[in-house]
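These notes are about the structure you will find just below.
The values are calculated or read from the model by the stated rules, or taken from the named source; none is laboratory data. Here the structure is a predicted model, which means the values were calculated and not measured. Using ideal geometry, Cβ is built from the backbone for each residue, glycine included, and neighbour counts are taken over all protein chains shown. Ligands, DNA and RNA are stripped out before the accessible areas are found, and what is left, the full protein with its side chains, is counted by its heavy atoms. Shrake-Rupley method; radii C 1.70, N 1.55, O 1.52, S 1.80 Å.
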Amino acid sequence: VQLQASGGGLVQAGGSLRLSCAASGRTFSINRMDWYRQTPGKQREVVATITRGDGTNYADSVKGRFTISRDSAKNMMYLQMNSLKPEDTAVYYCNAWTFDGQNYWGQGTLVTVSS
């Protein structure tokens, strides 16, 4: 499985961005996908999760502001980020777990929220 994240950029506080993650390869084997983020000096943290059955889960810090979704026909996953805050500034990564426990990471995309 290969993952390609895109959509990061610079936005003012209160603004919105949509991140995209394109999956290729053995996409039929993907059971769950996540968005993670990481800031310098901190551990990577999970932001949102979506399962193959479209169940979702969010970190408390983004609930009500971020929405994870996927388009299985296009092998795409998205993260709609609204009401962005400076503390959302991070490198965002997409991640996938397969049914047999393999884990795959995409390259990061930088989101910068200015105050």
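Can you confirm whether Phe99 is modelled with pLDDT under 95 and either open to solvent by 70 Å² or more (accessible area, probe 1.4 Å) or not aromatic (Phe, Trp, Tyr) (or both)? Don't jump to the end; show me each part of the working.
Details: modelled with pLDDT under 95: no; either open to solvent by 70 Å² or more (accessible area, probe 1.4 Å) or not aromatic (Phe, Trp, Tyr) (or both): yes.
So Phe99 does not fit the description; no.
If the Cβ limit is 9 Å and pairs must be 6+ apart or interchain, which residue in the range 9-33 that is farther than 17 Å from Gly108 by Cβ pairs with which residue that is of a type in the set (Gly, Ala, Ser) and open to solvent by 50 Å² or more (accessible area, probe 1.4 Å)?
Gln12/Ser115; Ala13/Ser83; Ala13/Ser115; Gly14/Ser83; Gly15/Ser83; Ser16/Ser83; Thr27/Ser72
Mind checking which residues of the range 34-50 are of a type in the set (A, V, I, L, M) and under 20 Å from Leu110 (Cβ atoms)?
Taking the range 34-50 first, the residues of a type in the set (A, V, I, L, M) are 46-48, 50.
Listed by number, the residues that qualify are Val46, Val47, Ala48.
Return yes or no: is Leu19 at pLDDT 95 or above, within 11 Å of the chain's Cα centre (by Cα) and open to solvent by less than 10 Å² (accessible area, probe 1.4 Å)?
Working: at pLDDT 95 or above: yes; within 11 Å of the chain's Cα centre (by Cα): yes; open to solvent by less than 10 Å² (accessible area, probe 1.4 Å): yes.
Against the criterion (at pLDDT 95 or above, within 11 Å of the chain's Cα centre (by Cα) and open to solvent by less than 10 Å² (accessible area, probe 1.4 Å)), Leu19 qualifies.
List the residue pairs whose Cβ atoms are under 9 Å apart, where the first residue sits in the range 83-99 and is closer than 29 Å to Gly53 by Cβ and basic (Lys, Arg), the second is part of a helix (DSSP H, G or I) and open to solvent by less than 60 Å² (accessible area, probe 1.4 Å), and the two are 6 or more positions apart or on different chains.
Going by the 9 Å Cβ cut-off, there are no qualifying pairs.
Anything in the range 48-82 that is more than 17 Å from Gln4 (Cα to Cα), assigned to a loop (DSSP other than H, G, I, E, B) and either touching a helix residue (DSSP H, G or I) at 6+ places or on another chain (Cβ under 6 Å) or in contact (Cβ under 8 Å) with a residue 40 or more places away in the chain (or both)? List them, or say none.
Of everything in the range 48-82, just one residue is more than 17 Å from Gln4 (Cα to Cα), assigned to a loop (DSSP other than H, G, I, E, B) and either touching a helix residue (DSSP H, G or I) at 6+ places or on another chain (Cβ under 6 Å) or in contact (Cβ under 8 Å) with a residue 40 or more places away in the chain (or both), namely Asn82.
Given (1) open to solvent by 30 Å² or more (accessible area, probe 1.4 Å); (2) assigned to a loop (DSSP other than H, G, I, E, B), where does Tyr36 come up short, assuming only one miss?
The one condition Tyr36 does not meet is (2).
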